[in-house]
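This report refers to the structure that appears directly beneath it.
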Amino acid sequence: MQSTSLSDRQRKRFLYTLCAVIIVVAFTILTAINIAERNFKEIPINLAVIAVMVASLVALKKTDADKTIYRASHALISLNLWYSVSIGAGEETVLFWALIAPLLFFFFFGKQEGLVWTVLFFFGLVVILFLPGWFDGHIYSGVMISRFLITLTIIAIVGFGLESSRHRFSRLLSEKNQALLEEKQQLEKALKDIKVLSGLLPICSNCKKIRNDEGYWEQVEVYVRDHSEVEFTHGICPECMRELYPEFKGKNDEEAG
């Protein structure tokens, strides 16, 4: 469980760092293009995105508050995307950036929380696109809005499906690992409880006592009991019976006959 959680954290950190670097480079280039085209309206947006990404990368490196950093950065980027959509940034090409959001929501926040983020983001875009008069915003054509929302819906469904599949596979893998760990612990306990006699044992040729590791001579049953899980119960064989108790010989023979 712990290794799975650590692997998931590293996976998210890697993708977040990769996305942040790509975004910083892309928006730096866009800022240079805006300056060349004297489009100063979008420059503050670009600089804000760059600042958020750089600050989140620094925080991610210096702290362990991954979830808080992801939530804060995604909230700020979502607000930035809403504003960019409302002004039609990049001659409406900002809509392409908005399509990526659901996939990131599901990846970083999981199936349930990712769905909440996606629904809220989708609702915000619907309000901005259909009610531009509320924000004195950019007016998109009906065809553009319908195509964009259909594409966004498909991407959100695919993102939800992928995360559901990953979540299910991760849960099954975690359960299997837990079962294997429990089985391993049981085997280790069983091996620990097993005592095995091996090697050469010095035994007296007359009395049959065994010499232990300390050099003392012990009865066979004592030595075996101390070095294994065997417990002895005493009886007497027919030969010893006849030798030790000859008075019972006749009775035994009669009973046998």
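Each reported figure results from applying straightforward, stated rules to the coordinates on display, with no laboratory input. Since we're looking at a predicted model, the values are computed, not measured. When we count neighbours, we look across all protein chains shown, and the Cβ atoms used for this are built from the backbone with ideal geometry, even at glycine.
Under a straight-distance cross-link criterion of Cα-Cα below 19 Å, which aspartates and glutamates are reachable from residue 12, leaving out those fewer than 8 residues away in the same chain?
By straight Cα distance, residue 12 reaches 64, 66, 113, 163.
If you count, for each residue, the other Cβ atoms within 10 Å and average over each peptide, how do 100-111, 65-76 line up from highest to lowest?
In decreasing order of mean packing, 100-111, 65-76 become 100-111, 65-76.
Express in nm, to one decimal, how much length is gained between residue 228 and residue 32 on full extension, taking 0.36 nm for each residue of separation and deducting their alpha carbon distance.
62.5 nm
To the nearest 0.05, how large is the calculated FRET efficiency for residue 67 and residue 127 if R₀ is 25 Å and r is the Cβ-Cβ distance?
Using R0 = 25 Å, I get an efficiency of 0.35.
With Cα extents along the principal axes in Å defined as stated, name the option among (i) 51, 49, 34; (ii) 123, 44, 22; (iii) 53, 41, 39 computed from the structure displayed.
It is the one labelled (ii).
For a protection proxy built on the mean count of beta-carbon atoms within 10 angstrom, sort 34-40, 55-61 highest first, please.
Listed from highest to lowest mean packing, they are 55-61, 34-40.
Can you tell me the length gained on complete extension of the stretch residue 40 to residue 75, counting 0.36 nm per residue apart and subtracting the Cα distance?
Extra length from residue 40 to residue 75 when fully extended: 10.2 nm.
Just subtract the alpha-carbon distance of residue 25 and residue 13 from 0.36 nm times their residue separation and send over the number in nm, one decimal.
2.5 nm
Under the definition of Cα pairs under 8 Å and six or more residues apart, what whole-number percent is the relative contact order of the chain?
Contact order relative to length: 12 percent.
Hydropathy at least 1.6 by Kyte-Doolittle, axial extent at least 20 angstrom from the Cα trace: which helices of the chain, defined as entire DSSP H runs, fit?
43-62, 101-130
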